[in-house]
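**Student:** If you scroll down you'll find the structure; I have some questions about it.
The values are calculated or read from the model by the stated rules, or taken from the named source; none is laboratory data. Because the structure is predicted, anything quoted here is derived from the model rather than measured. Neighbour counts run over all protein chains shown; Cβ positions are idealised from the backbone, glycine included. Ligands, DNA and RNA are stripped out before the accessible areas are found, and what is left, the full protein with its side chains, is counted by its heavy atoms. Shrake-Rupley method; radii C 1.70, N 1.55, O 1.52, S 1.80 Å.
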Amino acid sequence: MTAYEPPGRPGAGTGPAQRADPAADDAVHDVAYDAVVLAGGAARRLGGADKPGVRVGGRALLDRVLAACGGARTTVVVAAPRPTVRPVTWAREDPPGGGPLAALGAGLGPITAEHVVVLSADLPFLQERTVGRLLDTLRTSGADGVLLTDPDGRDQPLVAAYRTRRLHETLELLAGRHGGLDGLPLRRLVAELDLTRVLDPVASFDCDTWDDIATARARIREHGHVLDEWISAVKDELGIDLDVDTRALLDLARDAAHGVARPAAPLTTFLVGYAAARAGSGPEAVAEASRKAAALAARWAEEKAQADVAPDATPDTRPDAG
């Protein structure tokens with residue numbers, strides 16, 4: 001189990017051989033990359049359960065990781081094929097069960113990008129911005145790779161970005177030295193590479209036990225996370241890959257509920273989505289439809305307020321007034 005510590009912003013800590021997180025949540029990467037996700041293993045500490053398929057927040061752990069590396073040109077999953085919410089390329093070490101380095105070697109086969117993100121399939125809190133931060137740091141550091149460390153300072157080589165050429169060279173070196181990669185621990189890879197480390201107590205949390213699963217499920221239902229988690233789950237379930245201004249939609253729903261009637265809130269947001277889809281979808285279409293609906297809700301509320309004001313008590317002085 002990797003210790004989980006909720007307080008603080010991911011990547012905010014520093015230490016020996018670690019980099020601070022520059023512009024943590026706002027990191028935007030422009031590095032073309034591929035991804036390898038290791039989704040095999042016996043999951044002995046889960047009683048042999050299908051760990052990549054275990055659901056956290058209604059989504060399989062593997063699907064959560066695939067969403068985090070959704071910007072990859074090619075994503076290779078090393079495991080037996082299964083349904084996933086995103087298209088992937090499947091690979092398998094030969095023979096299966098040879099351990100993480102053998103699986104990594106198999107996964108690198110279809111990889112052509114200069115940089116590769118290597119991930120395990122049991123990272124419930126990994127997000128795309130963390131992947132971007134790893135890639136940005138790799139691009140500027142000159143190191144062979146950048147990996148996350150957990151709160152105890154332990155390396156997480158399966159939450160990392162590497163230079164693909166150096167990874168190939170090092171795996172070939174280790175295979176030649178040991179007669180193959182089967183059974184070799186990940187620390188052999190780490191020892192051969194020049195690595196930069198980034199502390200991230202949240203994204204580095206992995207699920208090895210049922211207690212870890214319970215912790216992950218509890219955290220995403222906390223007040224500060226549940227809405228984002230729900231929206232992400234719905235988008236995955238419906239096959240929607242669209243970033244929208246959630247706050248603007250919530251404000252619109254509030255205005256419709258307050259200025260019109262409570263049932264107007266969900267119906268209005270539904271109609272905004274429908275209008276945006278007809279207009280060609282995209283964040284801009286959603287924003288424009290939201291703006292129009294919000295303006296209408298404001299006008300509606302204004303008229304309602306005027307209607308609620310008591311009639312003017314001034315006597316009617318028209319010539320024909322009774």
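**Student:** Filter region 257-301 down to the residues that are of a type in the set (A, V, I, L, M, F, W, C), open to solvent by 50 Å² or more (accessible area, probe 1.4 Å) and not in a helix (DSSP H, G or I) and list them by number.
**Tutor:** Passing the criteria: 260, 279.
So that you can scan it fast, the table gives a plain yes or no per residue for (1) at negative phi; (2) modelled with pLDDT of 80 or more; (3) not hydrophobic (A, V, I, L, M, F, W, C):
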| site | (1), (2), (3) |
| --- | --- |
| 203 | yes, yes, no |
| 215 | yes, yes, yes |
| 223 | yes, no, yes |
| 232 | yes, no, yes |
| 245 | yes, no, yes |
| 258 | yes, yes, yes |
| 282 | no, no, yes |
| 294 | yes, yes, no |
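**Student:** For region 191-208, how many residues meet the condition of being assigned to a loop (DSSP other than H, G, I, E, B) and under 19 Å from the mean Cα position of the chain (by Cα)?
**Tutor:** Count: 8.
**Student:** Every residue in region 70-115 that is in contact with a Ser or Thr (Cβ under 7 Å, 6 or more places away or on another chain) and among the acidic types (Asp, Glu), please.
**Tutor:** 114
**Student:** Looking only at region 88-108, decide whether some residue is part of a loop (DSSP other than H, G, I, E, B) and at pLDDT below 80.
**Tutor:** Checked region 88-108: no residue is part of a loop (DSSP other than H, G, I, E, B) and at pLDDT below 80.
**Student:** Of the conditions (1) hydrophobic (A, V, I, L, M, F, W, C); (2) open to solvent by 20 Å² or more (accessible area, probe 1.4 Å); (3) assigned to a helix (DSSP H, G or I); (4) closer than 21 Å to residue 201 by Cβ, residue 134 fails just one. Which one is it?
**Tutor:** (2)
**Student:** I would also like to ask the following. Hey, any hits in region 17-33 for a residue that's at pLDDT below 85, assigned to a loop (DSSP other than H, G, I, E, B), surrounded by 18 or more Cβ atoms within 10 Å (Cβ to Cβ) and of a type outside the set (A, V, I, L, M)?
**Tutor:** Scanning region 17-33 turns up at least one residue that is at pLDDT below 85, assigned to a loop (DSSP other than H, G, I, E, B), surrounded by 18 or more Cβ atoms within 10 Å (Cβ to Cβ) and of a type outside the set (A, V, I, L, M).
**Student:** Separate question: Yes or no: residue 247 of a type in the set (D, E, K, R), over 30 Å from residue 124 (Cα atoms), free of Cβ contacts under 8 Å to residues at least 60 places away in the same chain and open to solvent by 40 Å² or more (accessible area, probe 1.4 Å)?
**Tutor:** No.
**Student:** Limited to region 156-189, what total is found for residues that are closer than 22 Å to residue 136 by Cβ and either open to solvent by 40 Å² or more (accessible area, probe 1.4 Å) or free of Cβ contacts under 8 Å to residues at least 24 places away in the same chain (or both)?
**Tutor:** Counting residues in region 156-189 that are closer than 22 Å to residue 136 by Cβ and either open to solvent by 40 Å² or more (accessible area, probe 1.4 Å) or free of Cβ contacts under 8 Å to residues at least 24 places away in the same chain (or both) gives 3.
**Student:** If you take the residues of region 123-167 that are out of contact with any helix residue (DSSP H, G or I) (no Cβ under 8 Å at 6 or more places or on another chain) and among the acidic types (Asp, Glu), which of them is farthest from residue 190 (Cα to Cα)?
**Tutor:** Once the filter is applied, the top-ranked residue is 136.
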